[in-house]
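The values are calculated or read from the model by the stated rules, or taken from the named source; none is laboratory data. All of these numbers come straight from a predicted model, not from anything done at the bench. We place every Cβ from the backbone using ideal geometry, glycine too, and count neighbours over all the protein chains shown.
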């Protein structure tokens with residue numbers, strides 16, 4: 001066990017030395033399989049209950065780009081396809097991310113619209129625009145059929161860094177951690193293998209999904225490896241890779257919400273509901289971001305065109 005830990009520590013310390021292919025081969029020699037916690041559900045839980053929100057609703061944001069000649073505000077995207085997963089003919093534009101390799105389309109979303117905005121623009125934080133603001137088009141989808149989801153538990157290593165001062169929230173997070181631990185224990189009992197080793201592996205990849213500092217694509221290598229195992233190397237009893245997605249806590253929002261990344265093969269299980277136009281501002285004084293919906297409940301016509309009112313394009 002100690003040898004395994006040292007091997008992974010050496011990999012993490014020298015991650016930039018390896019190509020992804022070299023990394024994959026080295027990890028495969030260390031661990032023949034990755035233990036995965038599976039949940040079959042149409043609901044993504046929220047730690048911060050607050051006002052009731054449908055747990056089957058997820059949000060995906062995209063920064064607006066085009067401006068009207070007579071306005072300082074960017075115009076929203078006009079079609080569902082422009083805020084959904086990147087289409088096949090544009091895959092060359094896809095950069096490496098936490099759960100995808102370059103040119104690999106994935107549907108990233110969150111179970112809170114503010115989180116979906118922040119997760120999209122966090123690399124520009126604090127907002128560097130002259131106005132200290134950014135506008136985004138946020139799509140809202142409903143999970144219509146149960147998804148086969150891999151669940152990543154909270155990262156013990158990063159939790160203390162993002163805990164809020166409110167004890168009430170900490171108590172809720174602790175209860176979720178207890179639930180996660182029970183799930184993990186049940187999984188490890190079923191596997192009937194080295195429990196300490198499997199727990200170490202689960203925690204290792206939880207830490208990778210909780211990384212706060214990303215300086216290059218290499219920093220995504222281990223989380224990419226986990227995603228490859230989940231999406232491409234976890235066949236069911238019929239030999240089919242059918243895991244739809246991965247749920248992982250949002251570090252940027254103090255672990256109170258969840259992010260979800262879905263494989264293209266499962267998007268037929270989602271239904272588009274509506275869109276909103278969100279204005280995000282950053283205050284140098286409070287060091288906080290505010291998320292203000294300027295237009296909401298924008299539905300689409302039968303062609304997938306968003307029927308904006310306030311931000312209607314001519």
query: Do you know which of the residues in segment 303-314 that are touching a strand residue (DSSP E or B) at 6+ places or on another chain (Cβ under 9 Å) and assigned to a loop (DSSP other than H, G, I, E, B) is farthest from residue 74 (Cα to Cα)?
result: 303
query: Across segment 258-302, what is the number of residues that are free of Cβ contacts under 8 Å to residues at least 24 places away in the same chain and assigned to a loop (DSSP other than H, G, I, E, B)?
result: 5
field: Matching option when the condition is surrounded by 12 or more Cβ atoms within 10 Å (Cβ to Cβ), touching a helix residue (DSSP H, G or I) at 6+ places or on another chain (Cβ under 6 Å), at pLDDT 90 or above and under 21 Å from residue 298 (Cβ atoms), among 110, 84
entry: 110
query: Does segment 48-61 contain any residue that is modelled with pLDDT under 95, assigned to a loop (DSSP other than H, G, I, E, B) and either under 21 Å from residue 206 (Cβ atoms) or in contact with a helix residue (DSSP H, G or I) (Cβ under 7 Å, 6 or more places away or on another chain) (or both)?
result: yes
field: Failed item in (1) in contact (Cβ under 8 Å) with a residue 60 or more places away in the chain; (2) surrounded by 20 or more Cβ atoms within 10 Å (Cβ to Cβ), with residue 116 passing the rest
entry: (1)
message: So, in segment 26-48, how many residues would count as being without any contact (Cβ under 8 Å) to a residue 40 or more places away in the chain and either closer than 30 Å to residue 271 by Cα or exposed (fewer than 12 other Cβ atoms within 10 Å of the Cβ) (or both)?
response: 2
task: Search segment 87-105 for residues being closer than 18 Å to residue 116 by Cβ and outside any loop (DSSP other than H, G, I, E, B), and hand back the single one that is modelled with the highest pLDDT.
output: 100
Qualifying residue in segment 275-298 (condition: closer than 30 Å to residue 40 by Cβ, at pLDDT 95 or above, surrounded by 14 or more Cβ atoms within 10 Å (Cβ to Cβ) and within 24 Å of the chain's Cα centre (by Cα)): yes
query: In segment 177-216, what count of residues is obtained for those that are touching a strand residue (DSSP E or B) at 6+ places or on another chain (Cβ under 9 Å) and not in a loop (DSSP other than H, G, I, E, B)?
result: 5
